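So the structure is just underneath, and the comments pick up after that.
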Amino acid sequence: MKGKGKTILIILFCLILISIVLLLCVNTYVKSIGGKNIITPSDAKELKNIDCILVLGCFVENDGNPSDMLADRIKRGIELYKTECAPKIIMSGDHGQTSYDEVNTMKKLAVDSGIPSDDVFMDHAGFSTYESLYRAKEIFKADKIIIVTQKYHLYRALYIAKALGIEAYGVDSDYRTYFGQSYRDMREVLARCKDFVKSLFKPEPTFLGEAIPVSGNGNLTNDQFTLTDGYRGNGYTIIIPDGDFVFEKKINEGIIEEKWTHKENELAEIKVTTYKDTEKKTIRESVLLKNSEYSFEELSDYEMRGMNENGDLIWCSLLPTDEEFFVLTLKYPSNSDEKEREVLHRIYGTFTVTR
């Protein structure tokens, strides 16, 4: 038994030793491949036809302010944009919970620095380095990019990009020494091995969804914000009173839903739903199904009005174009006052198809 126990210990020791050697070999390999495309800001200015700058997310404080590492990544991304290294920026980070939001913090700092909002995209589902790179290619259709993060992190990000077929260059954002860096360096050894394996098998990220090409308008990735004057959607415009409404946007299976909810009465809302390649009959059935608690009457071939048991009212207009079918919906509850109803009807009347 004594000899058997010794043999087991030797086997365990050998397995641990092999694991450490493999860990170090993979780590060295990832660094050697990724490190080839780490460049300086000056080098970045010489690159041609870059689709975008990808700024990778990091921890946001409880008060909504970025951590030092994230602040420096954003700063470098802004600098690269302003030296015309790329026409767009993707802020990619974790926004998996309403209570934690990296990407809106990142975009706000970029816009506050003078970058046009429509040049700044947000990837709300960049839950990891691998997922940020995968989504940059598949969702944002970015094939040639500049990645911004701290240097210790760049090796892995660039390795993943290469494995996914992205032509990527990395510029570090090390403006200072960061507390706890020794721990991060050790953890990164394991992270490089993990993403080395992921890059071999290429699993899909947590979320994919509708493509939002980075060549387009970054405001399509805005999720919630207060509109001030007007809103230009894809094929339409609508005028919103200053500060009275909160905007929310959802994209699901090719259907775009853009909704404005009154700050004082969340049941009062204006909504524009955009359908593509869908027949009027199918759209009408969808509207009735989504609002099944209302009893509708048809005012015309393209307009319906309804009321539910609580006395809440709804108006729906179906507006076809050559490319889309818009459904404009107005809802206000029975407890809304005359002023709210007047405002909602005025907004409803400002909707204009621009195609």
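The values are calculated or read from the model by the stated rules, or taken from the named source; none is laboratory data. Predicted model only: the values in this text are computed from it and were never measured. Using ideal geometry, Cβ is built from the backbone for each residue, glycine included, and neighbour counts are taken over all protein chains shown.
Brief remarks follow.
- For Y130, the criteria (1) surrounded by fewer than 18 Cβ atoms within 10 Å (Cβ to Cβ); (2) closer than 21 Å to V189 by Cα hold in every case but one, which is (1).
- Within segment 228-255, residues that are in a loop (DSSP other than H, G, I, E, B) have Cβ atoms under 7 Å from residues that are among the hydroxyl-bearing types (S, T, Y) and at pLDDT 80 or above in these pairs: N234/T274; G235/T321, counting only partners at least 6 apart in sequence or on another chain.
- Unique match (being surrounded by 13 or more Cβ atoms within 10 Å (Cβ to Cβ), under 27 Å from D123 (Cα atoms) and not assigned by TED's automatic domain parsing to the domain that holds D123) among E269, E323: E269
- Scan of segment 82-103 for residues that are buried (at least 24 other Cβ atoms within 10 Å of the Cβ) and in a helix (DSSP H, G or I), ordered by number: V103
- Exactly one residue out of F296, F325 is more than 20 Å from I347 (Cβ to Cβ), modelled with pLDDT of 85 or more and in contact with a Gly (Cβ under 6 Å, 6 or more places away or on another chain): that is F296.
- No other residue among I160, I146 is at pLDDT 95 or above, closer than 20 Å to I78 by Cα and β-branched (V, I, T) apart from I146.
- Checked against (1) within 21 Å of T105 (Cα to Cα); (2) more than 19 Å from the chain's Cα centre (by Cα); (3) of a type in the set (D, E, K, R), K194 meets all criteria but (1).
- Unique residue being at pLDDT 95 or above, within 21 Å of L220 (Cβ to Cβ) and polar (S, T, N, Q) when the list is S117, S128, S92: S92
- Just one residue in the set E210, E204, E188, E269 is touching a strand residue (DSSP E or B) at 6+ places or on another chain (Cβ under 6 Å) and within 30 Å of L158 (Cβ to Cβ); that residue is E210.
- T274 vs. criteria assigned by TED's automatic domain parsing to the domain that holds Y231, closer than 18 Å to Y231 by Cβ, touching a residue at least 12 places away in the same chain (Cβ under 8 Å) and surrounded by fewer than 15 Cβ atoms within 10 Å (Cβ to Cβ): no
- Within segment 254-313, tally of residues that are closer than 19 Å to S334 by Cα and not hydroxyl-bearing (S, T, Y): 25
- Residue that is surrounded by the fewest Cβ atoms within 10 Å (Cβ to Cβ) [pool: residues in segment 277-286 that are at pLDDT 85 or above and within 29 Å of the chain's Cα centre (by Cα)]: S286
- Any chance L289 is surrounded by 17 or more Cβ atoms within 10 Å (Cβ to Cβ) and out of contact with any helix residue (DSSP H, G or I) (no Cβ under 6 Å at 6 or more places or on another chain): no
- Scope segment 15-69; condition of a type in the set (S, T, N, Q), assigned to a helix (DSSP H, G or I), closer than 29 Å to M106 by Cα and touching a residue at least 40 places away in the same chain (Cβ under 8 Å); matching residues: N37
- Single residue of G170, G180 found to be within 21 Å of C58 (Cβ to Cβ), surrounded by 14 or more Cβ atoms within 10 Å (Cβ to Cβ) and either in the same structural domain as L154 (by TED's automatic domain parsing) or touching a Cys at 6+ places or on another chain (Cβ under 7 Å) (or both): G170
- Given (1) farther than 18 Å from T221 by Cα; (2) surrounded by 13 or more Cβ atoms within 10 Å (Cβ to Cβ), index of the condition S32 fails: (2)
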